[in-house]
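Structure first, then comments.
The values are calculated or read from the model by the stated rules, or taken from the named source; none is laboratory data. What you see is a predicted model; the values in this text were computed from it and never measured. Because the Cβ atoms are built from the backbone with ideal geometry, glycine has one as well, and the counts that use them run over all protein chains shown. To get the accessible areas, we keep the full protein, side chains included, count just its heavy atoms, and leave off ligands, DNA and RNA. Shrake-Rupley method; radii C 1.70, N 1.55, O 1.52, S 1.80 Å.
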Amino acid sequence: MGCVYEQKIYYSNAIQTYASTEPFYKNEVKPFLVTLKPTLACICRCRHCFGRRKQFLPGTKVLSLDDYSRLFDDLVALGTNTICISGGEPLLYPHLVKLTSLATKKGLYVTLNTQGDLLTPNYFKALLDAGLVALNLSIDSPFPQVHNSLREQNGLFEKVVATV
C-alpha cells in the first residue's frame, strides 16, 4: 500500500485570509509546503506561464519582511516545513536573500523556482549562505531554439546553461 498525497491549490486574497481568525484557507488540513510569489514580475513572456497572466490586484498589500516573519511563525505552528519561492521571477524580488534567511531561521526549508537568467555565482552563493536547500531551474526543452521560443527570450537557454 503506497502513500496517498493530496495537493490543494488555493487562490485567494491571501492577506485578507491571513488576517482573518478562520483556519488557514478555511481548511483543517495542515499545509506541509507553501509556495510564495513575492513578485509576479518577469523578463520572459512565456506562453505557458500561468503566473504571467495574473497581476497583483490594485490596492493589494505587498507583504513586508515583518509580514513574512509573522506568516512564517504561523506556518511553522501549523506544521509547514517547506517554503517554495516562485513567481513571476523571484530573482527580481529585491529582498530574496533576506526572505530566504528569515524563513530558514524560522526552521523552514527553502526552495526556489527560477528561469535562471539573473542567477550569478555570487547571487547563488548568497542564497546558499542564507539557507536555500534546492534550486529548480525551468528548462522547457533540451533544444535551445524551442526553450528560447517558448520563453520569448533569445539566448536564454545558452545563458542559463553557461551559468549552471
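VAL160 passes every criterion in (1) farther than 19 Å from CYS44 by Cα; (2) surrounded by 17 or more Cβ atoms within 10 Å (Cβ to Cβ); (3) aliphatic (A, V, I, L, M) apart from (1).
Conditions tested, residue by residue: (1) open to solvent by 50 Å² or more (accessible area, probe 1.4 Å); (2) without any contact (Cβ under 8 Å) to a residue 24 or more places away in the chain.
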position	(1), (2)
GLY79	no, no
THR82	no, no
SER86	no, no
LEU108	no, no
THR114	no, no
LEU118	yes, no
SER149	yes, yes
LEU156	no, no
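Of all residues in the range 136-147, those that are surrounded by 12 or more Cβ atoms within 10 Å (Cβ to Cβ) and assigned to a loop (DSSP other than H, G, I, E, B) total 4. Exactly one residue out of LEU127, LEU99, LEU91 is in contact with a Pro (Cβ under 8 Å, 6 or more places away or on another chain) and either modelled with pLDDT of 95 or more or part of a helix (DSSP H, G or I) (or both): that is LEU99. Counting only residues that are open to solvent by 30 Å² or more (accessible area, probe 1.4 Å), modelled with pLDDT of 85 or more and in contact with a Leu (Cβ under 9 Å, 6 or more places away or on another chain), the range 44-69 holds 2 of them.
Look at (1) open to solvent by less than 50 Å² (accessible area, probe 1.4 Å); (2) in contact with a Phe, Trp or Tyr (Cβ under 7 Å, 6 or more places away or on another chain); (3) more than 16 Å from ILE43 (Cβ to Cβ) and you find that VAL133 fails only one, number (1).
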